[in-house]
Amino acid sequence: MTGDARSDAATAAIRTLVSKGRYDDSWNLLRPQLLAGDTTTAWNVARQVLRAGARAGWTPPTSRQIRLGVLCSYEAAEFSEHLRLACLALGIAVELYVAPYGQLEQELLGDAAPLTSFAPTHVLIAPTTDDLGFPQLGADPEELLAAAESRWRTLWETVRRDHGARVVQHAFVVPDETPLGHLALRLPASRPSLVRELNRRLAESAGAEVLLVDCERLAARIGKQRWIDPRLWFAARQPYGHEALPLLARETAAVLAGDVGLAARCLVVDLDNTLWGGVVGEDGVQGIAIGGGPDGEAYAAFQEYLAALAQRGIILAVASKNDLDAAREPFELNPGMRLKLGDFAAFVADWRRKPEQIAEIATTLGLGLDTIVFADDNLAECAEVSAALPEVSVIPLAVAPSELVRTLAASVRFELSSLSGDDVARRRSYAARTQAAQLRAGASSLEDFWRSLKMRARVRSLDSTSLDRAAQLTQKTNQFNLTLRRRTREEIARLAENDRAICKTLQLADAFADHGLIGLGLVVSSPEDERTALIDTLLLSCRVIGRTAEIHLLSHLARDARDAGFHRLRGEYVPGPRNALVADLYPKLGFVAAGANGSCWEYDIIERGAIESPYIADEA
């Protein structure tokens, strides 16, 4: 079946499900099309599904909410609608404020009353290259560049200062048309050269504080002749072509998803005809295609791409219908392999169904299914996983070996808002989790297991070096997050400047790995009682759950609160879909119920003293 035929069949199935009132099932079929295709069909169907669902009181399931101000220099109605759909497909419920046509700068630099009343969490600045006003050949390129950089940086600073919101900006597309032809590349003052240099300077200035959408890369992907449609611009003041519009919306939504902690954390891959060509059980270790010949080189390039994903923090795992020993042998014996067994945090090879294997991997690694991407060449296996585990993103790899990298790279699930040392170390930390599980199985008691881990902690006050990671944790953490608050970087920075606030991070290492910065505690003064300290945020990365790290962090928070003159520490538990394991944390540590709703707990620091943490040592 061709791709178009599969799309038509899926559309028919979606409409049948909608007619039966099965909106969740129809949405599960539709989401992959929105996240993978650039055709208008899926987007039109999505509008129909949402309208029908709304009449029945249904909305798509989401796990994050944002308020997004959209400031465009063009007519933004169509782009904004595509962006809303793309956000929903990625699990974000987005409330939009769309500035009037052509009011990008006026909205921010004027009285900004509508945007201020909207109270955005994020603001998208969406200009086009024409807004730069660069001449085809400038007299003073440095003056032009300095003015342009200052213009956009001023808007960034205004958003952060006046609205406390996260800035997202569409970077600029280097124009394809130039009267200078190829000579433009050699002239620093040519319009294409000026745009390239401005993109570089803006990227450097953005740092971790401003999110950029690389529109130049997107335009190159589909071709610049199809990126801008002059006919649409002159007719409707909407510049983007029919292929560009869904692509730009989807990639912008992916950047937003990465910022609010919805990027994938684990890639689960098949083996036969995915990591190598052939079937190892039939062709043998040396008979599979890897490393040599056109197909073998393509599979090697695919493995190298996976290794690069792992290097930037994506956890790799294997789910294969195979004999375990046969599945492991290529990694140990075939010299063409680029990946080794140690590159995988989990390795499952048996004859169970793929959904069972993936569910086991999620449990072993302590990950939610919605953080997992599954890639397999077998379309039937992909369909089975999609049906049984709709939270898992599935990437069918039924393509030529030469197209494997391109197909995986097109996924929008792997966006990052920043890259820290903790992201890079994540793979080692999850591999160490598996080793720790084996150690626990052989321990005579839980206490002996904790002692055998030889854990060391570094509890530090939040500062500029840990701010990005702290914000990342608040967006990502679900299982061990007592209040479920999603603090932005800007909100945490303001809190850290409060003299009466206690903001602590926790780094943890054990006998197997240094897990990096994996805990955050934010404590503020109660507005009702200056002697009571409120635990605004208490969370831990899922990869260290069950190690008593939460006790160690609370021990430090309690001591610091006492030293700051507080008498009581008050915590709140807000139940969510995935944080039930921390429901009884406070009463287990000696907190007593406070208030009538049963969700607040207090600890008397003066009477009871600091909370003890006997299994983790502090490092200087």
Subset of the range 357-372 [of a type outside the set (D, E, K, R), over 18 Å from LEU581 (Cα atoms) and in a helix (DSSP H, G or I)]
GLN357, ILE358, ALA359, ILE361, THR371
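Answer with yes or no whether ALA533 is open to solvent by less than 10 Å² (accessible area, probe 1.4 Å), modelled with pLDDT of 90 or more, farther than 21 Å from GLN472 by Cα and part of a strand (DSSP E or B).
yes
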Would you check if there is a residue in the range 159-172 being in contact with a Lys or Arg (Cβ under 7 Å, 6 or more places away or on another chain), at pLDDT 95 or above, of a type outside the set (Lys, Arg) and open to solvent by less than 40 Å² (accessible area, probe 1.4 Å)?
yes
Selection from the range 367-417 of residues among the charged types (D, E, K, R) and either free of Cβ contacts under 8 Å to residues at least 60 places away in the same chain or open to solvent by less than 30 Å² (accessible area, probe 1.4 Å) (or both) yields ASP376, GLU381, GLU384, GLU391, GLU403, ARG406, ARG413
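State yes or no: is ILE222 open to solvent by 50 Å² or more (accessible area, probe 1.4 Å), of a type in the set (Val, Ile, Thr) and either touching a residue at least 60 places away in the same chain (Cβ under 8 Å) or over 27 Å from GLY110 (Cα atoms) (or both)? Please lay out each step first, then the result.
On the way: open to solvent by 50 Å² or more (accessible area, probe 1.4 Å): no; of a type in the set (Val, Ile, Thr): yes; either touching a residue at least 60 places away in the same chain (Cβ under 8 Å) or over 27 Å from GLY110 (Cα atoms) (or both): yes.
Judged against the criteria, ILE222 is not a match.
Can we say GLY241 is within 24 Å of the chain's Cα centre (by Cα), within 27 Å of LEU198 (Cα to Cα) and at pLDDT below 95?
No, not satisfied.
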Does ALA511 meet the test of being more than 24 Å from LEU416 (Cα to Cα), touching a residue at least 12 places away in the same chain (Cβ under 8 Å), open to solvent by 40 Å² or more (accessible area, probe 1.4 Å) and among the small types (Gly, Ala, Ser)?
yes
Within the range 103-128, how many residues are open to solvent by 20 Å² or more (accessible area, probe 1.4 Å) and either basic (Lys, Arg) or closer than 19 Å to VAL210 by Cα (or both)?
5
Suppose we filter LEU306, LEU339 for residues that are open to solvent by less than 70 Å² (accessible area, probe 1.4 Å), of a type outside the set (S, T, N, Q) and assigned to a helix (DSSP H, G or I); which single one remains?
LEU306
In the range 34-75, how many residues are closer than 30 Å to LYS476 by Cβ and part of a loop (DSSP other than H, G, I, E, B)?
8
Grab the helices (runs of 4 or more DSSP H) fully contained in the range 545-620, keeping just those with 1 or more residues being touching a Gly at 6+ places or on another chain (Cβ under 7 Å) and open to solvent by 50 Å² or more (accessible area, probe 1.4 Å).
605-608
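To keep it simple, each residue is scored yes or no on (1) among the polar types (S, T, N, Q); (2) closer than 21 Å to GLU304 by Cβ; (3) at pLDDT below 95; (4) in contact with a Lys or Arg (Cβ under 9 Å, 6 or more places away or on another chain).
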{"site": "GLN357", "(1), (2), (3), (4)": "yes, no, no, yes"}
{"site": "THR363", "(1), (2), (3), (4)": "yes, no, yes, no"}
{"site": "LEU369", "(1), (2), (3), (4)": "no, no, yes, no"}
{"site": "ASN378", "(1), (2), (3), (4)": "yes, no, yes, yes"}
{"site": "GLU381", "(1), (2), (3), (4)": "no, no, yes, yes"}
{"site": "LEU404", "(1), (2), (3), (4)": "no, yes, no, no"}
{"site": "LEU408", "(1), (2), (3), (4)": "no, yes, no, no"}
{"site": "SER420", "(1), (2), (3), (4)": "yes, no, yes, yes"}
Can LEU495 be described as closer than 27 Å to ILE92 by Cα, of a type in the set (A, V, I, L, M) and either under 17 Å from the mean Cα position of the chain (by Cα) or open to solvent by less than 10 Å² (accessible area, probe 1.4 Å) (or both)?
no
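Quick grid of which residues meet (1) in contact (Cβ under 8 Å) with a residue 40 or more places away in the chain; (2) of a type outside the set (A, V, I, L, M, F, W, C); (3) in contact with a strand residue (DSSP E or B) (Cβ under 7 Å, 6 or more places away or on another chain):
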{"site": "GLN48", "(1), (2), (3)": "no, yes, no"}
{"site": "PRO60", "(1), (2), (3)": "no, yes, no"}
{"site": "TYR74", "(1), (2), (3)": "yes, yes, no"}
{"site": "LEU85", "(1), (2), (3)": "yes, no, no"}
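With the structure loaded, tell me whether SER63 is touching an Asp or Glu at 6+ places or on another chain (Cβ under 6 Å) and among the polar types (S, T, N, Q) or whether it fails that test.
Against the criterion (touching an Asp or Glu at 6+ places or on another chain (Cβ under 6 Å) and among the polar types (S, T, N, Q)), SER63 does not qualify.
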Residue in the range 80-113 that is farthest from ALA264 (Cα to Cα), counting only those that are part of a strand (DSSP E or B) and out of contact with any Ser or Thr (no Cβ under 8 Å at 6 or more places or on another chain):
TYR97
Per the list (1) assigned to a helix (DSSP H, G or I); (2) on the phi > 0 side of the Ramachandran plot, residue check on PRO330 breaks on (2)
Of the residues in the range 444-463, how many are over 26 Å from LEU256 (Cβ atoms), open to solvent by less than 50 Å² (accessible area, probe 1.4 Å) and either in contact with a Pro (Cβ under 9 Å, 6 or more places away or on another chain) or in a loop (DSSP other than H, G, I, E, B) (or both)?
2
Output the number of the condition that LEU144 fails; it satisfies all remaining conditions of (1) part of a helix (DSSP H, G or I); (2) within 23 Å of ASP259 (Cα to Cα).
(2)
Pick from the range 464-490 the residues that are in a loop (DSSP other than H, G, I, E, B) and without any contact (Cβ under 8 Å) to a residue 24 or more places away in the chain: which of them is surrounded by the most Cβ atoms within 10 Å (Cβ to Cβ)?
THR465
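The values are calculated or read from the model by the stated rules, or taken from the named source; none is laboratory data. None of the values given here were measured: they were computed from a predicted structure. When we count neighbours, we look across all protein chains shown, and the Cβ atoms used for this are built from the backbone with ideal geometry, even at glycine. What goes into the accessible areas is simple: the full protein's heavy atoms, side chains included, and nothing from ligands, DNA or RNA. Shrake-Rupley method; radii C 1.70, N 1.55, O 1.52, S 1.80 Å.
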